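I have placed the structure first, in the form of structure tokens, so that the comments after it can refer back to it.
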Amino acid sequence: MATVQKANTIVLDVGSSSKDDLDDLRYGEGKLFKKIARVVEDLKDAGEVAEDAQPVIIVVKKKSSKDW
């Protein structure tokens, strides 16, 4: 799900992913990379973001309860 919060800010939650999918994303490959690229293109086509928008991808790992 993509949410336009402020000008030039888009938050895209792709849900949980496997380690292999995240490794592929780090190399600019795989289904996560394609999904992000597709969403950015859709937003560009809809005029929600500028044509020269450059995505910044941040991978967040959820801490398990035993880490506390």
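The values are calculated or read from the model by the stated rules, or taken from the named source; none is laboratory data. Worth saying up front: this structure is predicted, and the values here are computed from it rather than measured. Quick reminder, even Gly has a Cβ in these numbers, built from the backbone with ideal geometry, and neighbours come from all protein chains shown.
Among residues of the stretch 17-68 being without any contact (Cβ under 8 Å) to a residue 12 or more places away in the chain and of a type in the set (Ser, Thr, Tyr), the one that is surrounded by the fewest Cβ atoms within 10 Å (Cβ to Cβ) is Ser65. Considering only residues that are in contact with a helix residue (DSSP H, G or I) (Cβ under 9 Å, 6 or more places away or on another chain) and in a helix (DSSP H, G or I), which ones fall in the stretch 27-68? Matches in the stretch 27-68: Gly30, Lys31, Leu32, Phe33, Ile36.
Considering only residues that are surrounded by 13 or more Cβ atoms within 10 Å (Cβ to Cβ) and in contact with a strand residue (DSSP E or B) (Cβ under 7 Å, 6 or more places away or on another chain), look in the stretch 5-16 and name the one that is modelled with the lowest pLDDT. I'd like the intermediate steps shown before the answer.
First pass over the stretch 5-16, keeping only residues surrounded by 13 or more Cβ atoms within 10 Å (Cβ to Cβ): 10, 12, 14.
With in contact with a strand residue (DSSP E or B) (Cβ under 7 Å, 6 or more places away or on another chain) added as a condition, the list becomes 10, 12.
On the way: Ile10: 78, Leu12: 81.
Filtering first and then ranking leaves Ile10.
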